[in-house]
Amino acid sequence: MRRLLVLDYGSNSLRWLVADRLEGVLLSPVDCGGRSTGLGRDGRISETAVVETLSATEEALERGRELDVGRTIAVATHFARELSGFESFAGELKSRYGIELVVLSGDDEAWLTRVGVEEGLQCLGLDGGRYLAADVGGGSTELSWWSGRELLTRSFALGAINLTEGFLRTDPPTPGEMGELRIKVKAVLNQFPLPHAAPVAASGGTATTLAALHLGLTEYRPLAIQGTEIRRGDLTALIKRLAGMPLNERRKLMRVDERRAEIIVAGSLVLETLIEHLGVGELLVSDYDLKHGVAIALGGDDPSHLSSRGGGS
């Protein structure tokens with residue numbers, strides 16, 4: 001058995017996973033957690049975001065020590081490639097904690113997310129190969145699906161942070177702002193052919209937060225969230241409810257992750273527009289995501305040698 005700690009540095013949050021790799025079993029999750037830190041907001045790293053992210057890192061590493069982790073793997077989603085000050089932050093992680101941070105390409109991010117989502121669907125007794133995997137992050141949206149034996153990946157500039165800052169400037173957002181954002185998302189999705197009527201498995205903070213709200217959870221419960229189905233009508237109603245609230249009310253509603261309240265409307269609208277674009281009536285939420293894919297695919301390798309497995313964008 002090999003016990004791993006995976007640190008996933010995204011543009012909005014640091015999320016972590018402790019999992020075991022067992023003989024005959026790809027992955028056995030042990031514990032997980034996360035915190036919104038806003039590392040990738042405003043196109044540069046603020047001092048406040050660094051402090052919060054380092055604090056969250058220490059929390060995750062302490063949990064890893066408590067659970068007797070043997071190896072730590074740290075990845076950053078590809079927003080970091082264009083983020084001013086990120087190299088200095090990565091150097092701080094190295095000097096303080098000995099963490100070698102690997103910055104993923106968009107294709108690698110989509111592929112690793114795919115690995116995690118397919119494992120989670122298999123645990124539910126579902127054929128993961130049938131699903132289009134979607135992950136709406138703070139800086140981009142990653143999609144992947146199988147076309148015959150070829151895995152196709154797409155990384156779209158549809159991040160919940162960027163879309164919120166670019167379109168939803170009013171609190172709460174106006175119908176006009178929501179309409180403009182929807183037009184933007186549709187225009188981006190129309191740039192590439194996507195598999196019509198493919199069932200969607202959505203992972204990441206936007207999707208799991210929607211599942212928690214849909215289920216009425218007051219704390220994050222991975223086993224309850226995994227496999228939650230949200231029909232398009234229910235998703236539309238939930239978005240309408242969230243968009244009609246001022247930010248302070250959304251924060252009260254989302255006690256588990258109050259900072260995600262700032263970007264949840266834009267992220268949710270991306271998912272709603274995606275399933276409408278594909279012509280499907282629901283989405284399946286996967287708690288298994290990029291972190292799980294990293295543990296499965298890179299747990300036995302040196303991630304510094306990672307090369308893209310995706311089909312390209």
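The values are calculated or read from the model by the stated rules, or taken from the named source; none is laboratory data. These figures come from a predicted structure and were not determined experimentally. Quick reminder, even Gly has a Cβ in these numbers, built from the backbone with ideal geometry, and neighbours come from all protein chains shown.
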Legend entry - Matching residues in the stretch 226-262 - criterion: being more than 19 Å from I275 (Cα to Cα) and of a type in the set (V, I, T): V256
Legend entry - strands (runs of 3 or more DSSP E) wholly inside the stretch 12-112 containing at least 1 residues that are more than 27 Å from L151 (Cβ to Cβ): 13-22, 25-36, 71-76
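Looking at L210, L242, L181, L194, which one is part of a helix (DSSP H, G or I), within 27 Å of A110 (Cβ to Cβ), touching a residue at least 12 places away in the same chain (Cβ under 8 Å) and touching a strand residue (DSSP E or B) at 6+ places or on another chain (Cβ under 9 Å)?
Numbers: L242 fails: touching a strand residue (DSSP E or B) at 6+ places or on another chain (Cβ under 9 Å); L181 fails: touching a strand residue (DSSP E or B) at 6+ places or on another chain (Cβ under 9 Å); L194 fails: part of a helix (DSSP H, G or I).
Unique residue meeting the criteria: L210.
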Inset, instruction - Determine if the stretch 295-311 includes at least one residue that is modelled with pLDDT of 95 or more and either among the aromatic types (F, W, Y) or assigned to a loop (DSSP other than H, G, I, E, B) (or both). - result: no
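Let's see how each residue does on (1) at pLDDT 95 or above; (2) under 20 Å from L163 (Cα atoms):
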{"site": "A243", "(1), (2)": "yes, yes"}
{"site": "N248", "(1), (2)": "yes, yes"}
{"site": "S268", "(1), (2)": "yes, yes"}
{"site": "S286", "(1), (2)": "yes, no"}
{"site": "S313", "(1), (2)": "no, no"}
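Let's see how each residue does on (1) modelled with pLDDT under 95; (2) in the same structural domain as K184 (by TED's automatic domain parsing); (3) surrounded by 23 or more Cβ atoms within 10 Å (Cβ to Cβ):
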residue	(1), (2), (3)
C123	yes, yes, no
L126	no, yes, no
R130	no, yes, no
A133	no, yes, yes
G137	yes, yes, yes
E142	yes, yes, yes
T153	yes, yes, yes
G159	yes, yes, yes
Legend entry - In the stretch 178-208, the residues that are at pLDDT 95 or above and touching a Lys or Arg at 6+ places or on another chain (Cβ under 7 Å): P199
Legend entry - Near pairs, Cβ below 6 angstrom, 6+ apart or cross-chain, from the stretch 41-53 (closer than 11 Å to E92 by Cβ) to any residue that is assigned to a loop (DSSP other than H, G, I, E, B) and at pLDDT 85 or above: I45/G85; T53/T37; T53/L39
Legend entry - Residues (touching a residue at least 40 places away in the same chain (Cβ under 8 Å) and of a type in the set (A, V, I, L, M)) located in the stretch 224-239: I225, I230, L235
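Can we say L235 is more than 17 Å from S13 (Cβ to Cβ), buried (at least 18 other Cβ atoms within 10 Å of the Cβ), at pLDDT 95 or above and of a type in the set (A, V, I, L, M, F, W, C)?
Taking the combined requirement at face value, the residue satisfies it.
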Inset, instruction - Could you please give the count of residues in the stretch 203-234 that are touching a helix residue (DSSP H, G or I) at 6+ places or on another chain (Cβ under 7 Å) and either closer than 24 Å to G34 by Cα or not assigned by TED's automatic domain parsing to the domain that holds E258 (or both)? - result: 21
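Please work out if I239 is more than 23 Å from Y131 (Cα to Cα) and under 14 Å from the mean Cα position of the chain (by Cα). Give the derivation first.
On the way: more than 23 Å from Y131 (Cα to Cα): yes; under 14 Å from the mean Cα position of the chain (by Cα): no.
Against the criterion (more than 23 Å from Y131 (Cα to Cα) and under 14 Å from the mean Cα position of the chain (by Cα)), I239 does not qualify.
Listed here are the residues, each with its yes/no results for (1) assigned by TED's automatic domain parsing to the domain that holds R21; (2) touching a Leu at 6+ places or on another chain (Cβ under 9 Å); (3) within 16 Å of L7 (Cα to Cα); (4) surrounded by fewer than 19 Cβ atoms within 10 Å (Cβ to Cβ).
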site: A80; (1), (2), (3), (4): yes, yes, yes, no
site: G85; (1), (2), (3), (4): yes, no, no, yes
site: F89; (1), (2), (3), (4): yes, yes, yes, no
site: L93; (1), (2), (3), (4): yes, yes, yes, no
site: R96; (1), (2), (3), (4): yes, yes, yes, yes
site: E100; (1), (2), (3), (4): yes, yes, yes, yes
site: T113; (1), (2), (3), (4): no, yes, yes, no
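Select from the stretch 1-11 the residues that are more than 14 Å from E62 (Cα to Cα) and either at pLDDT below 90 or part of a strand (DSSP E or B) (or both) and list them in ascending order.
Within the stretch 1-11, M1, R2, R3, D8, Y9, S11 meet the criteria.
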Legend entry - The one condition in (1) touching a residue at least 40 places away in the same chain (Cβ under 8 Å); (2) within 21 Å of the chain's Cα centre (by Cα) that F156 fails to fulfil: (1)
Legend entry - Filter pass, L215 being in contact (Cβ under 8 Å) with a residue 12 or more places away in the chain and within 18 Å of D135 (Cα to Cα): no
Inset, instruction - Name the residue, out of G148, G176, that is on the phi > 0 side of the Ramachandran plot and surrounded by fewer than 13 Cβ atoms within 10 Å (Cβ to Cβ). - result: G148
